[in-house]
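Below is one structure; the comments refer to it alone.
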Amino acid sequence: WLLANGTFALAVLIAAAVVLFVILRSTWLFWRNERFKEKLEWIILEIRIPREIDKSPRGMEQVLMALHALRNAPTDVKERYWDGEVTRWFSLELVSFGGEVRFFIRAYYKYRNLIEAAFFSYYRDVEIVEVDDYVDTKLPRTIREMYEEGYEMSGTEMVLGREAAYPIKSYLDFESMEEERQFDPVSTFLEILGKVHKEEMIGVQILIAPADYKW
């Protein structure tokens, strides 16, 4: 009886130790990851697009592939558990200021030249300019100030309906080369955002990060 109880007590202690270790490890990683994120310096690049672009959507695929090549990840124990390194992400933003639609990309500041090179390789007519954060320049600094000035705010978050690895595009070509040149995947967004009232502002933010190569 004593042996059985002793074995049971030992098993409980081992299980508790394992659970405690997992909790402490997770808490430590969360803290170090947040410290790493706090040190990141961001820039906002505005992508000024000419009215007419004769490139197909495949050009943007190549830009995204170039961004994927910038992937960073912890490679040893120090980088993972002490530096708290995480894969840096990008924010692709489509914003309408009273019907004036503008495109932005928010990224780690050291990536600026590489991002510009990726875009200019496929879209030679675009202009890329570093700008101030429109959230700071266009909106009050706090929610209280926003309501005091008569603003109203609402937001939503879209969730994937299928697994994250489900391919958005499952075909290689459009019906014809001519159709491929004319097809614009964001035309619906632009049509809606272009009809926003002058006193309104709408932003669409897409967060992307390079996936692990194991995928």
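The values are calculated or read from the model by the stated rules, or taken from the named source; none is laboratory data. As the structure is a prediction and not an experimental result, all values here were calculated from the model. Cβ: placed from backbone, ideal geometry, glycine included. Neighbour counts: every protein chain shown. Calculation scope for accessible area: heavy atoms of the full protein, side chains included, ligands and nucleic acids excluded. Shrake-Rupley method; radii C 1.70, N 1.55, O 1.52, S 1.80 Å.
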Completion exercise
Flagged pairs (Cβ under 6 angstrom, 6 or more apart or on separate chains; first in the stretch 34-60, more than 16 Å from V126 (Cβ to Cβ) and of a type outside the set (F, W, Y); second part of a loop (DSSP other than H, G, I, E, B) and open to solvent by less than 70 Å² (accessible area, probe 1.4 Å)) are R35/G84
Fill in the blank from the handout: Checked the stretch 15-54 for anything part of a strand (DSSP E or B) and either closer than 22 Å to D83 by Cα or of a type in the set (A, V, I, L, M) (or both); matches are W42, I43, I44, L45, I47
Completion exercise
The condition of being assigned to a helix (DSSP H, G or I) and either touching a strand residue (DSSP E or B) at 6+ places or on another chain (Cβ under 9 Å) or at positive phi (or both) holds, among E116, E93, E145, E130, only for E116
Handout entry: Filter result for N72 (without any contact (Cβ under 8 Å) to a residue 40 or more places away in the chain and touching a Ser or Thr at 6+ places or on another chain (Cβ under 9 Å))
Key = yes
Exercise for the section: Find all pairs meeting these conditions: Cβ atoms under 6 angstrom apart; at least six residues apart or on different chains; first residue within the stretch 97-113 and within 20 Å of M60 (Cα to Cα); second residue open to solvent by 50 Å² or more (accessible area, probe 1.4 Å). Expected result: V101/L190; R106/W42
Practice task
State whether the residues of the stretch 55-73 include one that is part of a helix (DSSP H, G or I), closer than 16 Å to Y111 by Cα and of a type in the set (G, A, S).
Solution key: yes
